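K.L.:
One structure coming up, written as structure tokens, with questions to follow.
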Amino acid sequence: MRSLFHKDGNSHFEGSYYKLDDAPMSPRNFDANGIQILVGGTGEKRTLRTLAKYGDIMNLDGWSGVPMTAETLRHKINVLNAHCEQVGRDPSDITHTVLMPTMVSDDKEKVAAFVNGRRLGLGSATGPKNYVIDRIGEIIDAGADGIMIGGIPTDNSEDYEQLAEDVLSHFS
């Protein structure tokens, strides 16, 4: 798949389970770097090694396995870098992102219900505006190139606009 996404012209591949013989990729990607492959997950033995071999974007989820603290993120990046070294890949070719459930609210009961109902704990950025800003900032400072905001418990567009105005504007 990687050669289809990143190579000009048709691709050839012969593996254990499938074979591509002069396979075209049409339409071609508009980006000269090809389609980026995002690998999501926190598993150190398989997931991060697969990312080192084939991926372009690391996406760690902020609550699965262990809570995503700055220390955990730095550790996962170090594990990824070691895998990159083993497979001969430049670690700087990989973008680091974290998926964080996010909710801005001064209502402690609402925040507790959101966090406890989904068992999010330290993996989320939920609470008052300044806490959410600090929480996202600490993950960016620890090495994340970007944050994927997720799990927002609303379908009200005004809540998204407020999140953009109150929080995301601090990072643009």
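K.L.:
Just name one of Ile37, Ser124, Asn78: the one whose Cα is farthest towards the positive end of the charge dipole of the chain (beta-carbon charges, Lys/Arg +1, Asp/Glu -1).
P.N.:
Projecting each Cα onto the dipole axis, the largest value belongs to Asn78.
K.L.:
Over region 32-172, what is the relative contact order in percent, taking alpha-carbon pairs closer than 8 angstrom and at least six residues apart?
P.N.:
Working: 215 pairs, mean separation 34.1, N = 141.
Relative contact order here is 24 percent.
K.L.:
For the chain, modelled as a Gaussian network with Cα springs under 10 Å, which listed residue fluctuates most, Met25, Met148, Met58?
P.N.:
Evaluated over the chain, the most mobile residue of the options is Met25.
K.L.:
Right, next: Just need the Rg to Rh number for the chain, please, alpha carbons only, Kirkwood Rh.
P.N.:
Numbers: Rg = 19.0 Å, Rh = 18.0 Å.
Answer for the chain: 1.06.
K.L.:
Separate question: Have a look at Val66, Val132, Val104 and tell me which one the Gaussian network model of the chain (Cα, springs below 10 Å) gives the largest fluctuation.
P.N.:
Most flexible of the set in this elastic network: Val66.
K.L.:
Convex hull over the Cα atoms of region 114-168, averaged projected area in nm²?
P.N.:
Numbers: hull surface 16.0 nm².
Over every viewing direction, the Cα hull of region 114-168 projects on average to 4.0 nm².
K.L.:
Give me the three principal axis extents of region 78-172 from the C-alpha atoms, as integers in angstrom, largest value leading.
P.N.:
48, 29, 22
K.L.:
Would you mind ranking Phe114, Phe13 by Cβ crowding within 10 Å, fewest neighbours first? Mind showing how you got there, number by number?
P.N.:
Working: Phe114 21, Phe13 13.
Ascending number of Cβ neighbours within 10 Å: Phe13, Phe114.
K.L.:
A further question follows. List the lysines whose alpha-carbon lies under 19 Å from that of Lys45, not counting same-chain residues fewer than 8 positions away?
P.N.:
Lys53, Lys76
K.L.:
If neighbour count is taken as other Cβ atoms inside 10 Å, put Met103, Met68 in order from fewest to most.
P.N.:
Details: Met103 22, Met68 27.
Listed from fewest to most nearby Cβ atoms, that is Met103, Met68.
K.L.:
Further, regarding this structure: What order do you get for Val87, Val79 when you list them from fewest to most C-beta neighbours inside 10 Å? The partial results should precede the final answer.
P.N.:
Values: Val87 10, Val79 19.
Going from least to most buried by this count: Val87, Val79.
Each value in this text was obtained by applying a stated rule to the coordinates, not by laboratory testing. On a predicted model such as this, the values are computed, not experimentally measured, just so you know. When we count neighbours, we look across all protein chains shown, and the Cβ atoms used for this are built from the backbone with ideal geometry, even at glycine.
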